1. If the chain between LEU95 and ASN79 were fully stretched, how many nm would it gain, using 0.36 nm times the residue separation less the Cα-Cα distance?
2. Principal axis extents for the stretch 33-137, Cα atoms only, whole Å, descending order, please.
3. From Cα pairs below 8 angstrom and at least 6 apart in sequence, can you work out the relative contact order of the stretch 33-137, rounded to a whole percent?
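Derivation of every value follows stated rules applied to the coordinates shown; laboratory data play no part. Fair warning: this is a prediction, and the values are worked out from it, not measured in the lab.
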Amino acid sequence: MLRRVVVIAVVALAVSAPVASAQQKVEKVPITATSPADAQEMFATYCAVCHGKDAKGNGPAAAALTKAPADLTRISTRNKGTFPDTRVRRFIEGLDEVAAHGTRDMPMWGSLFRSLSTQNPDIAQLRIAALANYLKTLQQ
Ligand code: HEC
């Protein structure tokens, strides 16, 4: 049986009266497929809604979250100048969250990505590694 998996998206609200600025709301929508080899496309599709297109944490859904999305261009800076590959991959996957108190605002991408390629779980790992490598190139 297929589990229903969702990601966060910001959708424009259809409004009947003409308004000066577009109204938006944050919604959960089914995850869409992307190329596991294209980290930039994955980031734009899955991550930018919270972290922002520039990864600095100002995505359109940020205001709706309890916790501010991290500035992903400063992971190394926050870690004494070294990019913590393993920790980043584990965070994206959602591995370290089980023991943590409560829930987190960021989705557990491991199970979401596995839902995209149920025949081959290695592809989910490829996605996570590609995203971590992509984030590494964004460090300032
Ligand atoms: C629904 C909003 C949301 C989405 C979508 C999202 N994140 Fe996050 N992310 C957060 C929040 C909020 C935090 C702050 C930490 C927390 O939640 O505990 C965070 C933290 C992180 C961190 C930890 C940064 C650090 O300094 O340790 C990484 C890495 C990260 N996100 C990567 C990603 C990637 C890659 C994607 C897309 C596959 C993504 N995020 C999608 C909300 C989001």
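1. Numbers: separation 16, 0.36 × 16 = 5.76 nm, distance 1.94 nm.
3.8 nm is the gain from fully extending LEU95 to ASN79.
2. The principal-axis extents, from largest down, are 36, 31, 27 Å.
3. Values: 115 pairs, mean separation 27.9, N = 105.
RCO, the stretch 33-137: 27 percent.
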